[in-house]
Amino acid sequence: MLGEKIKSIRGKNSLTQMQLADILCVSEKTISSWENNRTMPDLNMIYKISDYFKKSFYYLIDDKYKDNINGIEIKIKVDSKEYNRLLDITKSLAKYINTIKQNDTYYVVNNSNSSLRSRNENGKYIFSFKEKLKDSYYKKYNVILDNIVNLNIILSKIGVKEIGEIKKERIIYVYNNKYEFSFDNVDNIGLFIEIKILDLSDNTNNDMLELLSFMNKLNIDLNMIDKNNYVDYLERDIIWKEKN
């Protein structure tokens with residue numbers, strides 16, 4: 001979490017809480033509150049911390065959300081109250097696009113930096129290969145399918161095994177042609193909201209700062225940012241069942 005990261009870089013630079021407080025023009029009590037995750041610095045302060053320590057802004061927030069080949073998006077895991085609060089706000093601000101049902105089947109791949117998935121999206125089948133190139137940089141390759149049965153036969157013949165299936169309903173809104181909101185109700189996992197930047201500029205650092213600032217205006221707690229992919233929950237559930 002953010003507090004642990006601030007504490008870690010402060011310690012590595014041999015600074016006391018009082019010394020860091022003087023540098024940032026805040027109280028020692030404020031530093032202690034941040035480091036113990038009782039409160040969070042605002043986005044401008046996070047940027048100030050990253051600039052002083054010459055650390056990536058993304059390191060403080062979450063390395064997963066660096067500039068990546070397929071764009072920038074943030075996913076948060078929420079309870080039903082927060083889900084409905086943000087859905088109501090989004091309905092009043094953004095344009096409704098559609099509601100889709102997605103059934104995702106994941107397959108075992110030998111390379112831990114890659115994932116393989118077939119998706120049934122309202123009757124349209126999409127086959128995807130996602131490759132981790134470096135750190136949190138990914139490249140995704142999609143193919144539209146017209147025969148999922150034959151795909152499954154081919155995968156079976158070459159020894160590709162299924163991990164399992166994830167089913168979700170996704171409600172999509174677009175705000176100001178800039179942000180896409182996806183409200184996901186995932187079977188047996190929970191409620192999630194993904195916010196994606198649709199129109200990236202040449203300065204992805206500013207894009208990320210703008211997105212986080214926008215989230216702040218919506219009173220979204222950045223501690224709710226979820227680092228897991230849905231397949232991570234699937235694999236965790238399989239391991240738990242095997243142990244029990």
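The values are calculated or read from the model by the stated rules, or taken from the named source; none is laboratory data. As the structure is a computational prediction, the values presented were derived from the model and not from experiment. Using ideal geometry, Cβ is built from the backbone for each residue, glycine included, and neighbour counts are taken over all protein chains shown. Accessible surface areas use protein heavy atoms only, side chains included; no ligands, DNA or RNA. Shrake-Rupley method; radii C 1.70, N 1.55, O 1.52, S 1.80 Å.
From the alpha carbon centroid of region 2-51 to that of region 154-207 is 33 Å. MET1 contributes an accessible area of around 110 Å² to the protein surface, as traced by a 1.4 Å probe with all chains present.
Rounded to 0.05, the FRET efficiency of the GLU162 and THR99 pair, given R0 = 25 Å and the Cβ-Cβ distance, is 0.40.
The accessible-area ordering, largest first, of the residues LYS167, LYS5 stands as LYS167, LYS5, per a 1.4 angstrom probe.
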